[in-house]
Amino acid sequence: MRKLCAFLALVLSLVFAGATLAQDKPATTPDKPAAAEVKKEEAKKPEPNKGDVTWMLMSTALVIMMSVPALALFYGGMVRSKNALSVLMQVFVVFSLVTVLWCIYGYSLAFTEGNAFFGSLKERLFLSGALDAAKGEFANAATFSKGVVIPEIVFVAFQATFAAITCCLILGAFAERAKFSAVLVFIVLWFTFSYTPIAHMVWFWMGPDAYSSAKVVDELNGKAGWLWQMGALDFAGGTVVHINAGIAGLVGAYLVGRRIGYGKEAMPAHNLPLTMIGASLLWVGWFGFNAGSALEAGNSAALAFLNTYLATACAVLSWSLGEALFKGKPTMLGAASGAVAGLVAITPAAGNVGIPGAFVIGLAAGLVCLWGVSGLKKLLGADDSLDVFGVHAVGGILGALLTGVFNSPDLGGPGFYNNWFEMKPGFESIGAQLWVQAKAVGVTVIWSAVVAFIAYKLVDLTIGLRVAEEDEREGLDTAAHGEAAYRM
């Protein structure tokens, strides 16, 4: 426990030191406007709409449900009964841990102005400045429409759920053999040095209201995250969440090593009804994940909602058909996995493609991810226990690339705003956007893999990644937590 505390202290000191470097720039003092101008500016200040705020609070609650209980049950049902509670425990505690870290420094590193890779640690450390409860003053966060805002603390909570579930997704790759303390330390490192910078690179920008004239466009674009500047499209987390987590999971599967008896002993899912319930709750919660990423209750949220619904149904059918054709029988586990594959693949595309895109992405996701957890998994040779890489990384890559294709208005897509001053949608070409998407995928894969490798190695060298052989054979429920999922 002393090593764990010392390690956490070291991580936090590195974060504070690294983020400070991004902030060392001269302060500027703007000219103080006349009193009349101040009053005029205050009169024009946009106020949050109750409908938008309600939608975002509801979406945040839905995404919380996606982790606890949905992901926990989905993963918990797929492991052996002797490890069921250990998976539930890891999801529950990691979700809580990352939520706390997000409110301490994660949000500030991801969503404040710093450089192209990291935000400012000082700007929102411990969420300072987001709310003055005594005065009843709330800072506002931009949406994607001029003059439309939501309370920043709502945006903080919404994005906290994204960070937390992303870290929880990784857990399935090395389920049934990792130390609980090692998992927590790894998550702190990976969250800090992979999740927050990727989120900043993909999603941070200055907001539409900042684009007040054509003269400031280039300056404001230069303050955004690196991949945002590049023009990468990721509506709700194909790169930030799924590819990021899937790659970290694959690295973990290699470095933690295979389970005892893997490839020699049968390791079937112990409770498929739990997995089906988890998948169903994931489907429902994902509407908050994808449609909520519109940040307001409007047309973009409606499009993302239907695309999420449709693509998931298509993926269930294509995965089940693929199993029937290539394996002889469609399975419940396959149908549930197909649903998650469809949800993953449509995530970056949800508000960025039209209905034709949702059909194609969903159908492709079921078949491609089926190959990812069977043929590709055999080629890689890793014991990715719950197919984090095969579903999340493969599905995320597929969705990110097809977003570049079906965003085209010629294929029913909405295009995207490439001129935030005039708020006019545009689209250069499928080839150009597909290349941008491919670069964003490549950056995410490399960044996550390098950070994950270093983080796993540091943990292994200090406290060790894996439980003792006798504990693994006994089961982590009793060995690590002194409990059992079932008492007969």
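Considering the range 213-243 alone, what residues qualify as being assigned to a loop (DSSP other than H, G, I, E, B) and touching a His at 6+ places or on another chain (Cβ under 7 Å)?
G225
Go through (1) touching a helix residue (DSSP H, G or I) at 6+ places or on another chain (Cβ under 8 Å); (2) in a helix (DSSP H, G or I) for L461 and report which single condition fails.
Only one criterion in (1) touching a helix residue (DSSP H, G or I) at 6+ places or on another chain (Cβ under 8 Å); (2) in a helix (DSSP H, G or I) is unmet by L461, namely (1).
Would you pick out the residues in the range 160-192 that are aromatic (F, W, Y) and either touching a strand residue (DSSP E or B) at 6+ places or on another chain (Cβ under 8 Å) or free of Cβ contacts under 8 Å to residues at least 24 places away in the same chain (or both)?
Residues satisfying the conditions do not exist here.
Quick one: Y211 ticks every box in (1) aromatic (F, W, Y); (2) open to solvent by 10 Å² or more (accessible area, probe 1.4 Å); (3) more than 19 Å from the chain's Cα centre (by Cα) except a single one, so which number is it?
So the condition that Y211 fails would be (2).
Take the residues in the range 393-414 that are open to solvent by less than 10 Å² (accessible area, probe 1.4 Å) and not β-branched (V, I, T), then tell me which one is nearest to A253 (Cα to Cα).
Per the criteria, the residue is A393.
Every residue, every condition in (1) part of a loop (DSSP other than H, G, I, E, B); (2) more than 26 Å from Q433 (Cβ to Cβ); (3) open to solvent by 10 Å² or more (accessible area, probe 1.4 Å), yes or no:
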residue	(1), (2), (3)
L306	no, no, yes
L325	no, yes, yes
K329	yes, yes, yes
G338	no, yes, no
G342	no, no, no
L363	no, no, yes
V368	no, no, yes
K377	no, yes, yes
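I'm told G237 meets every condition in (1) within 19 Å of T112 (Cβ to Cβ); (2) touching a Pro at 6+ places or on another chain (Cβ under 8 Å); (3) open to solvent by less than 10 Å² (accessible area, probe 1.4 Å) except one. Can you identify the failing condition by its number?
Single failed check for G237: (1).
Could you list, in sequence order, the residues of the range 418-439 that are in contact (Cβ under 8 Å) with a residue 24 or more places away in the chain and either among the basic types (K, R) or assigned to a strand (DSSP E or B) (or both)?
Result: N418, N419, K439.
Please enumerate the residues belonging to the range 53-75 that are more than 20 Å from the chain's Cα centre (by Cα) and not hydrophobic (A, V, I, L, M, F, W, C).
Within the range 53-75, T54 is the sole residue that qualifies.
The values are calculated or read from the model by the stated rules, or taken from the named source; none is laboratory data. The structure displayed is predicted, hence computed values, not measured ones. Cβ atoms come from the backbone with ideal geometry, glycine included; neighbour counts cover every protein chain shown. For accessibility, only protein heavy atoms count, side chains too; no ligands or nucleic acids. Shrake-Rupley method; radii C 1.70, N 1.55, O 1.52, S 1.80 Å.
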